[in-house]
1. Within the range 232-276, which residues are surrounded by fewer than 19 Cβ atoms within 10 Å (Cβ to Cβ) and among the small types (G, A, S)?
2. Identify, from the list L188, L171, the residue that is of a type outside the set (D, E), closer than 19 Å to Q262 by Cβ and touching a residue at least 12 places away in the same chain (Cβ under 8 Å).
3. Is it true that D57 is on the phi > 0 side of the Ramachandran plot and within 17 Å of the chain's Cα centre (by Cα)?
4. For the range 79-88, does any single residue satisfy the condition of being among the β-branched types (V, I, T), under 30 Å from L171 (Cα atoms) and assigned to a helix (DSSP H, G or I)?
5. If you scan the range 5-55, which residues turn out to be acidic (D, E) and either crowded, with 17+ Cβ neighbours inside 10 Å or part of a loop (DSSP other than H, G, I, E, B) (or both)?
6. Within the range 48-60, is even one residue of a type in the set (G, A, S) and over 22 Å from A92 (Cα atoms)?
7. What are the pairs with Cβ atoms under 8 angstrom where one residue, in the range 254-281, is at positive phi and the other, located anywhere, is among the small types (G, A, S) and modelled with pLDDT of 85 or more? Sequence gap at least six, or different chains.
8. When D57 is evaluated against the numbered criteria (1) touching a strand residue (DSSP E or B) at 6+ places or on another chain (Cβ under 7 Å); (2) among the acidic types (D, E); (3) away from ligand 1 (no atom under 16 Å from the Cβ), which criterion, by number, is the only one it fails?
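The values are calculated or read from the model by the stated rules, or taken from the named source; none is laboratory data. The structure presented is a predicted model; accordingly, all values stated were derived computationally and were not measured. Methodologically, a virtual Cβ is constructed for each residue, glycine included, from the backbone with ideal geometry; neighbour enumeration extends over all protein chains shown.
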Amino acid sequence: MQISVLGCAGGMDTRARTTCFLIDDDTLIDAGTGLFDLPLSVQQGIDHVFITHAHLDHIAALPLLADAGVRQRMAQGRGPIRVYALPEVLEAMHAHLFNQQIWPDFTVLPTPQQPAIQLVPLQTGERLEWTAGRWLEVLPARHTVPAVGYAVSHGGGAWAFTGDTGRNSALWQRLNAMHAEGHGVRWLVTETTFPNTDQSFADRSGHLTVSALAEELEALDAGEVELFLSHIKPGDMGAILRELEPLRTVAGQQRCRLHLLQQGQTFHFNGVPASSVENDIVLNI
Ligand SMILES: [Zn+2]
Ligand SMILES: [Zn+2]
């Protein structure tokens, strides 16, 4: 199994795409603008999309994905693309996106019998084998709207993504428990949306600053973890990189190596050490 980063920015800029991860060649976590860079031939192979929450930077490309391969899927006798999320998130996307005005309702089109997408509800804490040998767990998140994170594995250590979240003690408790249960996180992709100067805005918008992440990280007790910062606003990258020192200290105490998540990186689950990720920028040094 492998996970490729199609987008991981908290906003848009030249070459900065928003959240979208490709698992192998058939599954997505979120459908932000990173998906716009995926070739059509790969888009048409997507069968599963796990959505963290309904904010636009995480779902912007989903309507176009629903449309992209629909006739080929029908011709091949494949079922709809399964779109998984919390029930409230599915309702919001159906009411405000696939509502026949902003975009056609692909939950009943091209035909109610053979729609392009199928909405599949998930609950926080749920653990499912979405295809043979590939496991996903729905992690808690605390945002301004219903939201989750996800952990993915196929035996052995997991790759986890916090999604958009503010301070979130339930997440750290669950990551610690997963470690104790023997399927702990090897890679943790966390959001770090704002610099410390925007702490009050971060609190109001359900996001983490660098210093809030450092405080949160003190609750982590999950062995060695490669920690990747993501969802940074492109205009704040310089400020955040200048604020890293306290976070570095805590990360070192908690046996975490700090990295800056990069669009284009790929996490390999088989035969490659967790510390080895392509095009890596390590922030510990
Ligand atoms: Zn959000
Ligand atoms: Zn976001």
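1. Hits for the range 232-276 are G235, G238, A239, G252, G264, G271, A274, S275, S276.
2. Result of the check over L188, L171: L188.
3. Criteria not met by D57.
4. No, the conditions are met nowhere in the range 79-88.
5. Within the range 5-55, D24, D25, D26, D30, D47 meet the criteria.
6. no
7. That search, which allows pairs on different chains as well, returns R255/G223; G264/S4; N279/G264.
8. Going through the list (1) touching a strand residue (DSSP E or B) at 6+ places or on another chain (Cβ under 7 Å); (2) among the acidic types (D, E); (3) away from ligand 1 (no atom under 16 Å from the Cβ), D57 breaks only (3).
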